[in-house]
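The values are calculated or read from the model by the stated rules, or taken from the named source; none is laboratory data. Everything numeric in this text was worked out from a predicted model, so none of it was measured. Here the Cβ is made from the backbone with ideal geometry for all residues, glycine too, and neighbour counts use every protein chain on show. Keep in mind that these areas ignore ligands, DNA and RNA; they rest on the heavy atoms of the full protein, side chains included. Shrake-Rupley method; radii C 1.70, N 1.55, O 1.52, S 1.80 Å.
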Amino acid sequence: MTDYSAEQLRDLVHTLAASGEPAPILQIGEPMLRRQAATFNGQLDAADLNTLLVLMRRTMQAAPGVGLAAPQIGVPLRIAVLEDTFDAEPEVAEARQRIPLPHFAIINPSYRAAGEDTAAFYEGCLSFAGFQGVVERHRSVELDYDQPDGSHRREGFTGWQARIVQHETDHLSGTIYVDKMLPRSLCGNAEYIRYWAQPSVDQARTGLNF
C-alpha cells in the first residue's frame, strides 16, 4: 500500500505530466513494481485523474505496448490503461484469438476465470524490456472494475484480450509476468524473433525443453 497523501499523489501526477512527453517506465527491480497498489478512492479529482490517464495512454502508445499500469510510471494506485490496435498475421491472430481492443481505463480491477480452459503464449512487459517468456493464463476471464466516471462495470474477455487484462491487473498486486512464466522459455526479443515467433509455442517447447 502507498504512504502517499492525496496532495503528494497530485503533485506526482503533475510533475510527471508537466513536459507533455511520455513518462519513464520503471524496470524490474524497482521496489514499487513489487508492492500492492493502493485502492483508488478519490485521491485525485476528475481533472487530475484525466491528466494521469492521458499521460498513461501517451506512455503506453510511445513504448509501444498494449497496456500500462500506474505503478509502472511510479504512481502507486490501482489504475491501468489497455489498448491493442496492432496488426497481427492472420495465422497468429487466429491462434491467439487476437482481435483489436479499443482503448479503455480500469480502476480497482479484479478478475476471475470464466471457465477452465487455459492458453500458453509468449508475452513481454514494458517493465522488463527486451525479453519475452511463456505464460499459461486463463483463456477467458470476467473483469470487475470502476470506470473513470465512477461507474462500475463487469465485462468478459477472451483470448489475447483476456491475457492483457490479466497481465495489467496483476501489476496492481505487485506481480510481474516472470512470476508466472515457464522459466526455461525466457528469451531475448531478438532470439524470440529468430527462433520462436510462431503462432503457437510448440516449437519453443521442444527447442527450449519446457
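Numerical summary
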quantity: Verdict on Arg34 being open to solvent by 30 Å² or more (accessible area, probe 1.4 Å), under 30 Å from Trp160 (Cα atoms), free of Cβ contacts under 8 Å to residues at least 60 places away in the same chain and within 15 Å of the chain's Cα centre (by Cα); calculated: no
quantity: Residue within region 181-203 that is open to solvent by 20 Å² or more (accessible area, probe 1.4 Å), within 14 Å of the chain's Cα centre (by Cα) and closer than 23 Å to Leu101 by Cβ present; calculated: no
quantity: Residues that are among the aromatic types (Phe, Trp, Tyr) and either open to solvent by less than 10 Å² (accessible area, probe 1.4 Å) or modelled with pLDDT under 95 (or both), drawn from region 158-180; calculated: Tyr177
quantity: Wholly enclosed strands (runs of 3 or more DSSP E) of region 57-165 bearing at least 1 residues more than 15 Å from the chain's Cα centre (by Cα) and free of Cβ contacts under 8 Å to residues at least 60 places away in the same chain; calculated: 101-113, 118-124, 131-138, 140-146, 152-158
quantity: Residues satisfying the stated conditions in region 166-183, i.e. in a helix (DSSP H, G or I) and free of Cβ contacts under 8 Å to residues at least 40 places away in the same chain; calculated: Asp170, Asp179
quantity: Filtered residues of region 24-54 (kept if under 18 Å from Gln147 (Cβ atoms), part of a helix (DSSP H, G or I) and not β-branched (Val, Ile, Thr)); calculated: Ala46, Ala47, Asp48, Leu49, Asn50, Leu52, Leu53
quantity: Region 79-133: number of residues that are closer than 20 Å to Arg34 by Cβ and polar (S, T, N, Q); calculated: 3
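For every residue, the table says whether it meets (1) out of contact with any Asp or Glu (no Cβ under 8 Å at 6 or more places or on another chain); (2) over 30 Å from Asn50 (Cβ atoms); (3) loosely packed, with under 15 Cβ neighbours inside 10 Å.
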{"site": "His103", "(1), (2), (3)": "no, no, yes"}
{"site": "Pro109", "(1), (2), (3)": "no, no, no"}
{"site": "Glu116", "(1), (2), (3)": "yes, yes, yes"}
{"site": "Glu142", "(1), (2), (3)": "no, no, no"}
{"site": "His152", "(1), (2), (3)": "no, no, yes"}
